[in-house]
Amino acid sequence: QVQLVESGGGLVQAGGSLRLSCAASRRTFSSDAMGWFRQAPGKEREFVAAISGGGGTTSYADSVKGRFTISRDNAKNTVYLQMNSLTPEDTAVYYCAEREGNTVQQLPRRYNYWGQGTQVTVSS
């Protein structure tokens, strides 16, 4: 059974930083693209960032470009999301996702596996 376990969420003041981690269990992790998505109350799940299997290609939503950085450590089967200059608009549940393919994708339906999510709350 594939498992994705997110950690690192919490409460932070505006302007602060958080680093999310997602530990994956698939043996083909290094060949799978990974993505981060978020969902705020009453809103649809939206793309945040994605990274290719080897880490050479990344993609970001316009709303987080220059503030968030996605990275991965294939030796640890872990993907990260470094979030800086956080604003209250970043408040959401953040989900890690894994797809059976190397190319980055922004659509949730392109991803095969999902974590349970971790809450990020940014206070003003």
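The values are calculated or read from the model by the stated rules, or taken from the named source; none is laboratory data. Everything numeric in this text was worked out from a predicted model, so none of it was measured. A quick note on method: Cβ atoms are made from the backbone with ideal geometry, for glycine too, and the neighbour counts reach across all protein chains shown. Note: areas computed on protein heavy atoms with side chains; ligands, DNA, RNA excluded. Shrake-Rupley method; radii C 1.70, N 1.55, O 1.52, S 1.80 Å.
Observations
- Accessible carbon and sulfur surface of the chain relative to its total accessible area, %, 1.4 Å: 43
- Normalised contact order of the range 17-124, rounded percent, pairs of Cα under 8 Å and 6 or more residues apart: 33
- Choice from Ser71, Ser85, Ser52 with maximal GNM fluctuation in the chain (Cα, 10 Å cutoff): Ser85
- Å² per residue, accessible surface of the range 29-76 at 1.4 Å: 47
- Alpha-carbon Rg/Rh ratio, for the chain, with Rh computed the Kirkwood way: 0.94
- Relative contact order %, the range 1-50, counting alpha carbon pairs below 8 Å whose residues are six or more apart: 28
- Local net charge near Ala92, Cβ-Cβ under 12 Å (Lys/Arg +1, Asp/Glu -1): -1
- In the distance distribution for the range 7-49, Cα-Cα pairs more than 14 Å apart total 65 percent.
- GNM top mover of Ala14, Ala50, Ala97 - the chain, alpha-carbon springs below 10 Å: Ala14
- Residue among Gly55, Gly101, Gly15 with the largest mean-square fluctuation in a Gaussian network model of the chain, springs linking Cα atoms under 10 Å: Gly15
- The phi torsions of the range 55-64, fed into the Karplus equation with coefficients 6.51, -1.76 and 1.60 and a -60° offset, translate into couplings of x, x, 10, 10, 9, 9, 5, 4, 5, 10 Hz, rounded to whole numbers, with Gly and Pro shown as x.
- Shown in residue order for the range 90-98 are the 3J(HN,Hα) couplings computed by the Karplus curve 6.51 cos²θ - 1.76 cosθ + 1.60 at θ = phi - 60°: 7, 5, 4, 8, 9, 10, 9, 9, 10 Hz (x for Gly and Pro).
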